Structure formats: structure tokens, C-alpha cells
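> Sharing a structure with you now.
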Amino acid sequence: MPGVINELAPVRNEPASMPVRWSNAIDDYPIAVSWSPDATLIAVAASGGPITLFDANSGDVHSVLAGHAPGTMSISWNADGTMLASGGQDGCAHIWSVVDGTELAVCQGGSAWVEHTAFNPLGGTKRSNHLLATAAGRTLRIWSAKGVLIREYPEHASTVSAIAWKPGRQELVSASYGTLATWVPSQDSALKSFHWKGSILSIACSPNDKFIATGDQDCTVHFWYTKTGRDLQMAGYPAKVLQLSWDATSRFLATGGSDTVVVWDCQRSPEGSTPLQCEGHEDFITMLAYQHRGSLLASTDATGLTALWHPIASSKPRALFKMPDEAVALSWNSTDDALVVASGSGRFNVLECAS
């Protein structure tokens, strides 16, 4: 994609300060923060259970969902932003109406904790596309938007450590020790299985469906070509890799695992190549995310620093914002002009990010 680099805007010599649109807080640790697909609401899930929905423009509380007792573990919006799913330590996933805050369905996860929930990102008015995946222990299930069990897959050999829908597809990826598998709602058996002897912590599927990347316990990033099953490995990280994000073109993969944002160019095989390295953080990366359609990358670290990057233009940050304690959650809005960043103390800020 040679045209991308020629279209870059000039890079400032010194990073700008990201303006704050508004700030608010909850009285608990924010386990997850997520902007609704229509950019009107921000969901903030407290580790103790409740989920607060904030008006994304004003910062006012829209509603409070009961969540899970004793704790919420994950949240996920459906494609049109009318429903929010949550998983927690009550062994269930709940589907909520964000219009009036009512509970629409309770889905039994199959184990004591539902650690992962993921609505299929496919949009449209066809409700059959709005499928919810849940992972609890070794159990992976698919539910309708009404909470009807559609599929329970064969028990995984070990705990399901991560799940992710492929962008724009009715295909789900799950990770467990030594295995990455892809599934569709219409059949019990896996479409494909990719094997590697190691502990997988996170999954990132490229938008063009060409690659699946994983962050791993042994301080590596593993990488599969989905068509052929060919795999690569990038090592040398000082810590386990939890943070992964693809850019919209599927060319660049950003990774954490250190105090430097490492970006791999996947136009050709990244194995053995020298990655882009974005330096400026003061401690280990805690979160990172590319814009949905743009080329800006946001990252946070354990000191509370948020940085905005254009990695192929410069290794230095374009803009910065600092909070007084660790940054623990990050989410872009769908229009790519603002992001929400939350700290461990419960405070979160909506930052303006003009491209």
C-alpha cells in the first residue's frame, strides 16, 4: 500500500496536549469501558458489579445496570447499540436493553465465572446476525439476542482464555492452551484448528481475514495466516503480551508487552524484520487501540500516560494526556475523533483526538 505514507500530514515537533471533553468517575475499579457503536453512550463496568451508562456528549448518567454479583468481568455492545451484554462471577451472561435499562435475558455460561462475552459485530436489521458468544471455563456457547442457546461447542481441553469474532463475518475464534480454533454457529466442530505449544492470552483478527495474531504468556506474539495455517513468531518482549491492535488496512499490528509500542509491518512477512518502535511511555503499556478507520494509534501505560501516535510517520507521540494513576481501559468512538480513558481509581476522561 505505497500510497499511505505519501498522504501523511506533517508531524509536530512537540506533542500536543489532548483536550478533555468531559470527565466523570465511578466509586470502584473500572473493569471495562466501551463506547457504543452509535457513539451516543459509554458503558463503564465496575469490578464490583454495576454497569453505568453515560451520555457520551454531556457526561451525564444515562442509566445504571445491575450487572453481576459479586463482580462483572466483561461487557460487549451489539452492532446497533441497542443492547449490552455482560458476563460475570454469577456464572451467567446478561443481555440488557440500553433504551430502558431492563434485563432482556439471562444466559447460563456453564461454569462459575463467565469471563468473556462478545456480540457479533455484523450490523443490519436482521436480528439473527446479533449473536452473543460466551466463554466460561472450558465451555464456549452461542446465544441469540433473545437469550436462546443456539450452539454449545465441544468442551475445550483447557480454559478458554480469549474469544473474538472475525470482523464482518459469522466466524468466532477461541483460544485455549496450545490451540486456536475457529467456529461457526451452524456446526459443532471447529472449521480450523491452529496448534502451538504455549499459553495464549489475547487474540486479534485482521480486518481482511488474512491473519490471526495472539499475545502470549511466554513474552511472544504468534501469528497465523488463516488460509494456509502457516505460523510465525515474534519474540524478545520483556513481559507477556496482552495488548494487540490491527490498523484498518490490516497492514500494521501494534503490540504491547513493554514500555515501547511495537508496530509490525505485515505487508510482507514480519518474522525476522525490524518493527517500528514508538517511544515515549514511562512504564509498561496497559492498553492500545487503532482507530476504526483512521491510522492513529492510542496507547496507555501504568503511570496514567495516554499517547497518540502516527507510527509510520514518526516514532514520537503526536499528543499526550496524563492521569494521576494507572490507565486501565481505553475505547475509541465510532467516528474516530474522541476516545475514553479510565484510571484504576475509577475516574475516566473523554479526550478530543482530531486527526
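The values are calculated or read from the model by the stated rules, or taken from the named source; none is laboratory data. The structure presented is a predicted model; accordingly, all values stated were derived computationally and were not measured. Methodologically, a virtual Cβ is constructed for each residue, glycine included, from the backbone with ideal geometry; neighbour enumeration extends over all protein chains shown. We work out accessible area using only protein heavy atoms, side chains counted, and drop any ligands, DNA or RNA first. Shrake-Rupley method; radii C 1.70, N 1.55, O 1.52, S 1.80 Å.
> Applying the selection to region 117-143, what residues are of a type outside the set (Lys, Arg) and surrounded by fewer than 16 Cβ atoms within 10 Å (Cβ to Cβ)?
Passing the criteria: 123, 124, 125, 128.
> Anything in region 56-85 that is more than 21 Å from the chain's Cα centre (by Cα) and surrounded by fewer than 23 Cβ atoms within 10 Å (Cβ to Cβ)? List them, or say none.
57, 58, 59, 60, 61, 62, 63, 64, 66, 69, 70
> Can you tell me which residue among 193, 174 is without any contact (Cβ under 8 Å) to a residue 60 or more places away in the chain, in a strand (DSSP E or B) and closer than 21 Å to residue 246 by Cα?
174
> Answer with yes or no whether residue 336 is without any contact (Cβ under 8 Å) to a residue 40 or more places away in the chain and not polar (S, T, N, Q).
So residue 336 fails the test.
> In addition: Could you go through region 13-31 and let me know if any residue there is in a loop (DSSP other than H, G, I, E, B), at pLDDT below 95, of a type in the set (S, T, N, Q) and open to solvent by 50 Å² or more (accessible area, probe 1.4 Å).
yes
> Find all pairs meeting these conditions: Cβ atoms under 6 angstrom apart; at least six residues apart or on different chains; first residue within region 103-115 and at positive phi; second residue assigned to a strand (DSSP E or B) and among the β-branched types (Val, Ile, Thr).
Between residues of region 103-115 that are at positive phi and residues that are assigned to a strand (DSSP E or B) and among the β-branched types (Val, Ile, Thr), the close pairs are 110/139.
> Which residues, taken from region 244-263, are open to solvent by 20 Å² or more (accessible area, probe 1.4 Å) and within 18 Å of residue 206 (Cα to Cα)?
The answer is 244, 246, 248, 249, 251.
> Being farther than 16 Å from residue 329 by Cβ, of a type in the set (A, V, I, L, M, F, W, C) and part of a loop (DSSP other than H, G, I, E, B) is the filter here, so list the residues in region 280-297 that pass it.
296
> I would also like to ask the following. Could you check region 301-317 and list, in sequence order, the residues that are of a type in the set (S, T, N, Q), closer than 16 Å to residue 263 by Cβ and open to solvent by less than 10 Å² (accessible area, probe 1.4 Å)?
Answer for region 301-317, where residues must be of a type in the set (S, T, N, Q), closer than 16 Å to residue 263 by Cβ and open to solvent by less than 10 Å² (accessible area, probe 1.4 Å): there is none.
> Which of the residues spanning region 290-300 are buried (at least 20 other Cβ atoms within 10 Å of the Cβ), without any contact (Cβ under 8 Å) to a residue 60 or more places away in the chain and closer than 19 Å to residue 251 by Cβ?
290, 296, 297, 298, 299, listed by residue number.
> When you go through 146, 192, 166 one by one, which is the residue that is open to solvent by 40 Å² or more (accessible area, probe 1.4 Å), among the basic types (Lys, Arg) and modelled with pLDDT of 95 or more?
Only one candidate qualifies: 192.
> For region 301-338, what are the residues that are in a strand (DSSP E or B) and over 16 Å from residue 16 (Cα atoms)?
301, 327, 328, 329, 330, 331, 332
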